[in-house]
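What follows is one structure encoded as structure tokens, with my remarks underneath.
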Amino acid sequence: MSFAGKAIIVTGASAGIGRELAIALAARGARLALAARRRPELEETAAACRGEAVILPTDLARPDECRALVDGAVAALGGLDAVVHDAGITMHARFDEVRDLSLYETLMRVNYLGPVHVTHRALPHLRARRGLVVAVSSLLGLTGAPTRTGYAASKHALQGFMDSLRLEVAADGIDVLVVSPGFVATGIRTRAPGGAAVEPRRAMTAAACAARIVDAMAHRRREVLIPGSARALQALRLIAPGVVDRFIARAFAGRRH
């Protein structure tokens, strides 16, 4: 898949992986519609992109804004070849420490229902061009972790939706790619409800993660786990789930201030 001249929506483009994806795709000639809540940061991303990049401030927790995002992108770019769902929020709190369960509703609206609404509006345009849907999920969409109950649940929902959608739209020539990164230095953990968390010392950079995603998009793959060693961990989970649980518990221990 060549990106030259392709019209692509990138959500979460104000920072982290989304910003790096926008810059990388623009460098390959893509025409972009950049979405996030914060206009100043979107403007900075657009300025860093070489080529056409329109900004469309969007709150993915609002279905009307999700629909307006797609309509605005199609109006500005003349169609749609791909949608990249990167926007997301996380949490850091044990379930028994949570005092306001509306946090779980917000996580589902942003991480799961936002992509559902955007994809639903975009589908006719993607069908017309045999396009691509990309969901930046998480390894926690495949397993669980302490202090991430709501986040993991929202990513499991996203994973299930995208896996099912892939089967429905394959005959239309639409491909669905789910990307499941592990620890990536994006800053998302420092803004999480329930308390900030320390960025892991060995976290992958957002730029390196974005490069892996762009390569997967170019080859229209169905799934990418980052790092690649995570696939072995998923296989181990089938035969020794207790071992994997202990590994994950240790990996997440002490990640809060």
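The values are calculated or read from the model by the stated rules, or taken from the named source; none is laboratory data. Computed from a prediction, not measured in an experiment: that's the story for all the values here. For neighbour counting, all protein chains shown are included, and Cβ atoms are generated from backbone atoms with ideal geometry for every residue, glycine included. These area figures cover heavy atoms from the full protein model, side chains too; ligands, DNA and RNA do not enter into them. Shrake-Rupley method; radii C 1.70, N 1.55, O 1.52, S 1.80 Å.
If you place +1 on the Cβ of every Lys and Arg and -1 on the Cβ of every Asp and Glu, how big does the dipole about the Cα centre of the chain come out, in debye to the nearest 20? Each step should come with its number before you reach the end.
Values: 34 positive and 23 negative charges, 125 e Å.
The calculated dipole for the chain is roughly 600 debye.
Apolar share of the accessible surface for segment 113-171: 61 percent from carbon plus sulfur atoms, 1.4 Å probe. Per residue, the convex hull spanned by the Cα atoms of segment 111-180 measures out at 63 cubic angstrom. Protein heavy-atom accessible surface, 1.4 Å probe, per residue over the chain: 45 Å². So how tilted is helix 16-27 from the main axis of the chain? Cα-based, degrees 0 to 90, rounded to 10. It works out to around 30 degrees. State the dimensionless ratio Rg/Rh of segment 1-138 (Rg: radius of gyration of Cα atoms; Rh: Kirkwood radius). Radius of gyration relative to Kirkwood radius: 1.00. Taken over segment 79-151, the alpha-carbon convex hull comes to 79 cubic angstrom per residue. With R₀ fixed at 41 Å, the C-beta to C-beta distance from Arg37 to Arg250 puts the FRET efficiency at about 0.75. So which trypsin sites (Lys or Arg not before Pro) in segment 106-150 are both in a DSSP loop and have at most 16 other Cβ atoms within 10 Å of their Cβ? Sites meeting the loop and neighbour criteria: Arg129, Arg130.
Express as a percent, rounded to the nearest 5, the fraction of DSSP beta bridges in the chain (both residues included) that run antiparallel. Walk me through the numbers before you get to the answer.
On the way: 1 of 27 bridges.
Here the antiparallel bridges make up roughly 5 percent for the chain.
Show that you can apply the helix-only estimate: for the chain, add -39,500 (n - 2.57) for every DSSP H stretch of four or more residues, divide by all residues, and state [θ] at 222 nm to the nearest 500. Walk me through the numbers before you get to the answer.
Numbers: 9 runs with 115 residues, N = 257.
After summing the helix terms and dividing by residue count, I get -14000 deg cm²/dmol.
The chain: percent of C-alpha pairs farther apart than 29 Å? Percentage above 29 Å: 26.
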